[in-house]
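K.L.:
For reference, the structure I am asking about is given below.
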Amino acid sequence: MKKNILIDLYKIKDYHSGLGEFSFNFHQNISQKYKYEFNISFLVPSTYKLQNSELISNIIHSNWKNRYFPNGNTGYDIWHSLHQFPSHFPNKKTSHILTIHDLNFLKEKNHSKALKYKKRLQKNIDRADIITCISKFTKSEVEQHMDIRNKELQVIHNGVHLSRHDIPKNNGKPFFFSIGVFKSRKNFDKIVEMMQYFPNHKLILAGNNETALGQKIRSIIQSKNLENNIILTGQIGAKKKYEYYQNCEAFLFPSEAEGFGLPVIEAMLCGKPVFISKACSLPEIAGDKAFYWDSLNATDMAHVVRTKLKLFHSDSIRMSDVIQQHAQQYNWEKCIDSYVQLYR
């Protein structure tokens, strides 16, 4: 008899976030391969329409009943929350899998807010029967800061998929690329300051920049006369993202708050040299196939980029191939198969 499984895709509504992209790709991959083994239902926002919806057993739209009265969420053997702060829960008789992506709130929020988030996460951990983490780094953070009550934490690395498109080649200035949410610990302001040492390059920064960090970056651009070197694109689609990955000379990612580091692997799938910080999960995910900044001082960062790019270009075909091979281990087939083992 098939197991009835509900997978919470509520965060799919914001595709430009890491959680949104994770949810979208989770649905695409599990629907295609396991639709005959399980009766799979997907919880989605009230007005959201899933692509390839003919592949799934059922679509459950969010409403006030299934959100605020979990005792009514019956009929499932397993309920899988794809992120650590779900707004919907199963009834108490249903096995609950909770996937934790990061504890970034400990660094990004003030003490009072961080404490509230921590209490909320502890409550969710207490409810869960199985807990998964998307990296060993996240697992260590959970073990250090939370009471897991002797529950086993399993690490399942994210899958990464990069859509391929026909794109034009870059015939202008060489450029560096970065993408992400404009929050303080992403440190995009550091690479903007670094650009004063690369007058013949551009830096393309993608993501919603209508934030405090975005305002800080605009001030830096103006004060250092970098208007002709920095491009703030705002949020971009998959085709434009692929174009920037393929055409950039290098990918720059000085973030200190990552549970996994999706953009790093996307850039590596294009064989690009990647420059990252030594913080959070990034060394685990990128391994020795990335270049690292020891310091986020602009002068030091520029020296590393200049020196390591020279090394990369001295053997670019071989190094690019090695980088791509490393990134290919983070595929969705491996990721989904690991979760399915838990369902079984």
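Read the figures in this text as sums done on the coordinates, not as results from a lab. Predicted, not measured: the structure shown is a model, and the values here were computed from it. Neighbour counts are summed over all protein chains in view; Cβ atoms, including those assigned to glycine, are modelled from backbone coordinates with ideal geometry.
K.L.:
If each of Ile231 and Ala212 carries a label point 7 Å out from its Cα toward its Cβ, how far apart are those two points in nm?
P.N.:
Here the answer is 3.0 nm between the modelled labels.
K.L.:
Beyond 18 Å, what percent of the Cα pairs of the range 86-198 remain?
P.N.:
Details: 4179 of 6328 pairs.
Beyond 18 Å sits 66 percent of the P(r) for the range 86-198.
K.L.:
At R0 = 41 Å, how high is the FRET efficiency between Tyr48 and Ser314 if r is their beta carbon distance? Nearest 0.05 is fine. List each step's numbers first, then the result.
P.N.:
On the way: r = 49 Å, r/R0 = 1.19.
It comes out at approximately 0.25.
K.L.:
Checking the table Lys183/Lys239; Lys113/Lys136; Lys116/Lys139; Lys49/Lys183 against a 27 Å threshold on Cα-Cα, which pairs fail?
P.N.:
Numbers: Lys183/Lys239 24 Å; Lys113/Lys136 25 Å; Lys116/Lys139 20 Å; Lys49/Lys183 29 Å.
Cα-Cα > 27 Å for Lys49/Lys183; rest within.
K.L.:
Further, regarding this structure: Based on Cα positions only, what radius of gyration and what Dmax would you give for the chain, in angstroms?
P.N.:
Just the Cα atoms of the chain yield Rg and Dmax of 21.1, 67 Å.
K.L.:
Apply the Karplus curve 6.51 cos²θ - 1.76 cosθ + 1.60, θ = phi - 60°, to the phi angles in the range 227-239 and return the couplings in whole Hz, x for Gly and Pro.
P.N.:
Taking θ as phi minus 60°, the curve returns 4, 8, 10, 10, 10, 9, 7, x, 6, 10, x, 5, 5 Hz for the range 227-239.
K.L.:
Hey, can you grab everything whose amide H is under 5 Å from the amide H of Ser255? Only 5+ residues off in sequence or another chain; H modelled, so Pro and N-termini drop out.
P.N.:
Under 5 Å from the amide H of Ser255 lie the amide H atoms of Ser277, each far enough along the sequence or on another chain.
K.L.:
Here is a follow-up. Under the √(5λ) rule applied to the eigenvalues of the Cα gyration tensor, what semi-axes describe the equivalent ellipsoid of the range 154-212? Give them in Å, descending. Before the final figure, lay out the partial values.
P.N.:
Working: eigenvalues 120, 86, 25 Å².
Three semi-axes, in Å: 24, 21, 11.
K.L.:
While we're looking at this one, here's another question. Within straight cross-link reach of Lys272, meaning Cα distance under 15 Å, which aspartates and glutamates are found once same-chain residues fewer than 8 apart are removed?
P.N.:
Straight-distance partners of Lys272: Glu243, Glu249, Asp288, Asp315, Asp321.
K.L.:
Next question, about the same structure. What percent of all Cα-Cα pairs in the range 59-107 falls in each 5 Å bin, counting up from 0?
P.N.:
Bins of 5 Å from zero give 5, 20, 25, 25, 11, 9, 4, 1 percent of pairs.
K.L.:
Let me ask something else about it. Ordered by packing density, taken as the mean number of other Cβ atoms within 10 Å over each peptide's residues, highest first, how do 176-184, 310-318, 209-217 rank? Walk me through the intermediate numbers first.
P.N.:
Details: 176-184: 21.3, 310-318: 10.9, 209-217: 15.4.
Ranking the peptides 176-184, 310-318, 209-217 by packing returns 176-184, 209-217, 310-318.
K.L.:
Taking only the C-alpha atoms, wrap a convex hull around the range 252-335 and report its volume per residue in Å³ as a whole number. Before the final figure, lay out each step's value.
P.N.:
Values: hull volume 6.7 nm³, N = 84.
Considering the Cα atoms of the range 252-335, their hull volume per residue is 80 Å³.
K.L.:
Restricting to Cα pairs below 8 Å that are 6+ residues apart, what does the relative contact order work out to for the chain? Please round to a whole percent.
P.N.:
Details: 616 pairs, mean separation 50.0, N = 344.
Taking the mean separation of contacting Cα pairs over the length of the chain, I get 15 percent.
K.L.:
Which whole-number percent gives the relative contact order of the range 143-240, counting Cα pairs below 8 Å spaced six or more residues apart? Provide the component values of the computation, followed by the final result.
P.N.:
Working: 103 pairs, mean separation 28.1, N = 98.
About 29 percent, as a whole number.
K.L.:
Let me ask you something else. Output the 0 to 90 degree angle, nearest 10, between the alpha-carbon long axis of helix 212-223 and the longest principal axis computed from the alpha carbons of the chain.
P.N.:
Here the helix axis deviates by roughly 10 degrees.
K.L.:
Quote the Stokes-Einstein diffusion coefficient, in whole µm² s⁻¹, for the range 15-110, based on the Kirkwood radius over alpha carbon pairs, a temperature of 20 °C and a viscosity of 1.002 mPa s.
P.N.:
Rounded to a whole number, D works out at 146 µm²/s.
K.L.:
Okay, next question. For every other residue with a beta carbon closer than 12 angstrom to the beta carbon of Tyr244, add +1 if it is Lys or Arg and -1 if Asp or Glu, then tell me the sum. Display every interim value, and only then the final one.
P.N.:
Working: positive: Lys202, Lys239, Lys240, Lys241, Lys272; negative: Glu243, Glu249, Glu266.
Charge balance near Tyr244 sits at +2.
K.L.:
Any chance you could give the angle, 0 to 90 degrees and rounded to 10, that helix 136-145 forms with the longest Cα principal axis of the chain?
P.N.:
Helix 136-145 sits roughly 70 degrees off the main axis of the chain.
K.L.:
Then there's this: Per residue Cα convex hull volume for the range 175-327, in cubic angstrom?
P.N.:
99 Å³
K.L.:
Additional query: Kindly provide the helix-only [θ] at 222 nm of the chain, computed as the sum of -39,500 (n - 2.57) over DSSP H runs of four or more divided by all residues, to the nearest 500 deg cm²/dmol?
P.N.:
Working: 13 runs with 136 residues, N = 344.
Computed ellipticity for the chain at 222 nm equals -12000 deg cm²/dmol.
K.L.:
Find how much the distance from Lys113 to Asn170 grows on full extension, using 0.36 nm per residue of separation minus their present alpha carbon separation; answer in nm with one decimal. Walk me through the intermediate numbers first.
P.N.:
On the way: separation 57, 0.36 × 57 = 20.52 nm, distance 4.45 nm.
Extra length from Lys113 to Asn170 when fully extended: 16.1 nm.
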